[in-house]
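The values are calculated or read from the model by the stated rules, or taken from the named source; none is laboratory data. Computed from a predicted model, the values in this text were never measured in an experiment. Cβ: placed from backbone, ideal geometry, glycine included. Neighbour counts: every protein chain shown. Surface areas here come from the heavy atoms of the whole protein model, side chains and all, with no ligands, DNA or RNA. Shrake-Rupley method; radii C 1.70, N 1.55, O 1.52, S 1.80 Å.
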Amino acid sequence: MSSATTLWRHARLATLAGPTGYGQVDDGALVVRGECLQWVGPVADVPSQLDVTAEHDLHGALVTPGLVDCHTHLVYGGHRAHEFEQRLQGVSYEEIARTGGGIRSTVAATRAADEDSLYTSALARARQLMREGVTTVEIKSGYGLSAEHEARCLRVARRLGAELPLTVRSTCLSAHALPPEFAGRPDDYIAAVCAWLPALQAQGLVDAVDAFCEAIAFSPAQTQRVFDAARQLGLPVKLHAEQLSDQGGAALAAGYGALSCDHLEHLSPAGVAAMARAGTVAVLLPGAYYFLRETKLPPVAALRDAGVPIAIATDHNPGSSPTLSPLLMLNMACTLFRLTPEEALRGMTVNGARALGLADRGQLVTGQRADFAIWPHEHPSEMSYWLGQQVQPRVVWGGQERTA
Ligand code: DI6
Ligand code: FE
């Protein structure tokens, strides 16, 4: 069976091909065959011998790769608006966590919800991301914190991937917080996590393993035990590292060839160097920085100088980043972290894909997956310029245009 070949012409392409620059093609065309890009270039050079079955004229609209949101916690019950109020009264995120609120309050709400209602709420969130051009999303567990409840959250993530055109990568973040039944016994909890990981993997629920290495969460030694269990199973690792303090987590993760280290506000020069050596992506999360009213900036200039690829994600979660706007994150990456609009866009396309270990997307080049978004813009810098405008692109997932 030969698959359909579709020609999209008169696009202003931001291909992001090559290591820098937008890779702009002003009067560009994309040829899509099946789920992949068969040809990309100027309209004037479209090969004539193609057996095109459908054509679309884009009248000069901007086309970018589909957005990759490489760090989210989309599956959870409840919300934490009351903690937002407390924090505005001066109670810190750490204090709330230490007194049983924070992640643990979402764990209680998540355990109390049934699988269908977790699915329904996560579905609405995923659709919102899709409406802003997200074609690939990573979803972490970490609000179940028992074998049963973690499996449930990861099944919800898999179900979203099966029922939506979106690609979903699922990450096991069981080492996110200490559940109440293990109070005072963090090492026992880590042993339990290491013991249930093989079963989660055997059920096909895990693409990567993450942990929260922090004074209010797990130590480097405990993180290392989780990483050893992941390595035994051949699973790649990522880490919530250096968000609130410098624990040396990034260097530890880099030693395991981590796909990414995420947050990184307190990253040290040694951590930057270790990430550069390992080719680990730095995932910066301006939503959490903003919402927690942090003041310590991630070391963007040092990451840049060391050649560490930078990704940007929403970190959607109910405690520290309740946003579902990837475009707002592009803006904040520029205004708060001083990325260039080009770096921000790369961060949510090609480098976001890299943070998930996906080499088949994030650029508009021959052979990549035909995931792209069509924007009412003249220049790619507008992706991060328009602030809170709720721009809705047309979106093509694996060659098919659909509405989210
Ligand atoms: N860091 C974060 O920002 C999220 N998880 C993490 O390890 C926040 C999770 C939450 O507060 O519910
Ligand atoms: Fe997170």
So who's got an amide H within less than 5 Å of the one on residue 260, skipping anything under 5 residues away but keeping other chains? H placed 1.01 Å off N, in plane. 239, 281
Compute the label zone of residue 84 within segment 282-324: residues whose backbone N is under 17 Å from the point 7 Å along Cα-to-Cβ. 286-294, 314-324
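How big is the equivalent ellipsoid of segment 7-136 along its three axes, where each semi-axis is √(5λ) from the Cα gyration tensor, reported in whole Å from largest to smallest?
Working: eigenvalues 427, 66, 25 Å².
With the √(5λ) rule applied to segment 7-136, the semi-axes are 46, 18, 11 Å.
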The percentage of the accessible area of the chain (probe 1.4 Å, all protein chains present) made up of carbon and sulfur atoms, to the nearest whole number, is 51
Quick check: residue separation of residue 163 and residue 199 times 0.36 nm, minus the Cα distance between them. What number comes out in nm? 10.6 nm
How charged is the neighbourhood of residue 222? Take every other residue with its Cβ under 14 Å from the Cβ of residue 222, and add Lys/Arg as +1 and Asp/Glu as -1. -3
Max mean-square fluctuation residue, GNM over the chain, Cα-Cα springs under 10 Å, options 249, 347, 319: 319
Return the distance in nm (one decimal) between the two label points of a simple spin-label model at residue 54 and residue 120, each offset 7 Å from Cα along Cα→Cβ. 3.3
Mind listing the long-range amide H neighbours of residue 24? Cut-off is under 5 Å, sequence gap 5 or more, other chains count too, H placed in the peptide plane at 1.01 Å from N. 15
Can you give the charge dipole size of segment 1-81 about its Cα centre, rounded to the nearest 20 debye, using +1 on the beta carbon of Lys and Arg and -1 on the beta carbon of Asp and Glu? 320
In debye, nearest 20, what is the charge dipole magnitude of the chain about its Cα centre with +1 on Lys and Arg Cβ and -1 on Asp and Glu Cβ, if you could check? 300
I need the per residue convex hull volume for the chain, using only the alpha carbons, in cubic angstrom as a whole number. 131
At 7 Å along Cα-to-Cβ for each site, give me the label-to-label distance between residue 268 and residue 20 in nm. 3.1
Add +1 for every Lys or Arg and -1 for every Asp or Glu among the other residues with Cβ under 15 Å from the Cβ of residue 87, and state the total. -2
Note down the net charge around residue 327, summing +1 for each Lys or Arg and -1 for each Asp or Glu among other residues with Cβ under 13 Å from its Cβ. -2
Pairwise label distance in nanometres, residue 340 with residue 232, each label 7 Å out on the Cα-Cβ vector: 4.7
Can you find, among 36, 218, 48, the residue farthest towards the positive end of the dipole of the chain? Put +1 on the C-beta of Lys and Arg, -1 on that of Asp and Glu. 218
Have a look at 121, 99, 58 and report the one farthest towards the positive end of the charge dipole of segment 1-148, computed about the Cα centre with Cβ charges (Lys/Arg +1, Asp/Glu -1). 99
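Rounded to the nearest 20 Debye, what is the dipole magnitude of segment 287-404 about its Cα centre when Lys and Arg each give +1 and Asp and Glu each give -1 at the C-beta?
Working: 10 positive and 10 negative charges, 37 e Å.
Here segment 287-404 has a charge dipole of around 180 debye.
How much length is gained if the chain between residue 4 and residue 127 is pulled fully straight, taking 0.36 nm per residue apart and subtracting their Cα-Cα distance, in nm to one decimal?
Working: separation 123, 0.36 × 123 = 44.28 nm, distance 2.65 nm.
Between residue 4 and residue 127, full extension yields an extra 41.6 nm.
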For segment 67-355, report the accessible area per residue in Å² (1.4 Å probe, heavy atoms, rounded to an integer). 34
Taking amide hydrogens as modeled 1.01 Å from N in the peptide plane, which residues meet the under 5 Å criterion relative to residue 41, leaving out close sequence neighbours? 29
Whether segment 141-202 is rounded, prolate or oblate, judged on the alpha carbon gyration tensor where a/c under 1.5 counts as rounded: prolate
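Computed over the Cα atoms, what is the radius of gyration of segment 164-284 divided by 2.2 N^0.38 Å, N being its residue count?
Numbers: Rg = 14.0 Å, N = 121, 2.2 N^0.38 = 13.6 Å.
Cα Rg divided by the expected 2.2 N^0.38 Å: 1.03.
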